[in-house]
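Reviewing the structure listed below.
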Amino acid sequence: MSSLFAQKLYGAVLRGKIKSRSDFWRNNFDVEKIENMAQAETERIADSEERGIGLVCCFDEEFPHISTNIKLSDRPFLLAYKGDIKMLNDIGHNVAVVGSLVPDERILARERNVVEALVKEKFNIVSGLARGCDTVAHRVCLDAGGKTIAILPTTFESIYPPENAALLDEIVKSGGLVVTEYVTEPKSYKEKIARFIERDRLQAMFSRAVVLIASHVKGEGDSGSRHAMQKATEYDVLRYVMYNEHTDNAAPIFALNREELGYGATILTSTAIKHINDEIFD
């Protein structure tokens, strides 16, 4: 389930030989360096595989393709996963759905319609397993018979929020994917928070488009959605926002949506959903 390269990198991270993603890329780890590393802790690898956790690294054929316009320092080098890792290579059919942790019922009702429409068009739904809009995105996708990808900001041992552990299992059992670039716990509160922000870039990295449901702007209760939308812009990923010009123009929770429209995002409509794959895609 895990290649020898991935196992050795896993062991190097556990032993502190590789301290971070930037450390990995800065020190130019290559195939020869990895081959010369000691084997990873066999018992911990076996335990992970017994729990259905696989490992894949940037030296493996199975590692997902990453666009050449994404800078090296943003690219993950080791991924732990449960489910179908091949879904990350199906970028043309992956759409990330992001939004507030505390949406009201009216927003959630609209989000359900959006997700159902995306699944009807055969898109996989990518989100972050967080409370609020993320949870609804995964849940509605499963209920509609679709497949979904959850990208974690934690290890598999520290699922957050903990009440979504059952949803994680359902995603995997339904043929989807749960993936994380973290195999060790954060050493500080600052590092823990940084992982939530870093997770947001992966939602954009492995998606054809990012759809913003609703979010405040920075300093007014914004969510990680802002980081996902910023990375979508940087990675040249399509950006859409759920927005009704007649009802949402003064609502604070749609402030980020309005801001993104000013930066060139498109209002998501049923026609726009049908045309996502009509855009030029490399």
If you go through region 142-183, how many residues are surrounded by fewer than 18 Cβ atoms within 10 Å (Cβ to Cβ), of a type in the set (A, V, I, L, M, F, W, C), touching a helix residue (DSSP H, G or I) at 6+ places or on another chain (Cβ under 9 Å) and more than 17 Å from PHE123 (Cα to Cα)? 0
Exclusive hit being buried (at least 24 other Cβ atoms within 10 Å of the Cβ) and either at pLDDT 95 or above or part of a helix (DSSP H, G or I) (or both), set ASN277, ASN257: ASN257
Tell me which of these ILE197 doesn't satisfy, since it passes every other one: (1) within 15 Å of SER100 (Cα to Cα); (2) hydrophobic (A, V, I, L, M, F, W, C); (3) at pLDDT 95 or above. (3)
For region 184-197, check the following and say yes or no: at least one residue is within 14 Å of the chain's Cα centre (by Cα) and surrounded by fewer than 16 Cβ atoms within 10 Å (Cβ to Cβ). yes
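Which of the following residues is at pLDDT 90 or above, crowded, with 18+ Cβ neighbours inside 10 Å and closer than 30 Å to ASN277 by Cβ: GLY92, GLY54?
The unique qualifying residue is GLY54.
Consider GLU43 carefully, then state whether it is part of a helix (DSSP H, G or I), surrounded by fewer than 19 Cβ atoms within 10 Å (Cβ to Cβ) and not basic (Lys, Arg).
yes
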Suppose we filter LEU202, LEU212, LEU261, LEU238 for residues that are within 21 Å of ASN277 (Cα to Cα), among the hydrophobic types (A, V, I, L, M, F, W, C) and without any contact (Cβ under 8 Å) to a residue 24 or more places away in the chain; which single one remains? LEU261
Restrict the check to region 201-223 and report whether at least one residue is acidic (Asp, Glu) and at pLDDT 95 or above. no
With the structure loaded, tell me whether GLU234 is among the acidic types (Asp, Glu), over 23 Å from GLU116 (Cα atoms) and part of a helix (DSSP H, G or I) or whether it fails that test. yes
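The values are calculated or read from the model by the stated rules, or taken from the named source; none is laboratory data. A quick note: this is a predicted structure, and the numbers were derived from the prediction, not measured. For neighbour counting, all protein chains shown are included, and Cβ atoms are generated from backbone atoms with ideal geometry for every residue, glycine included.
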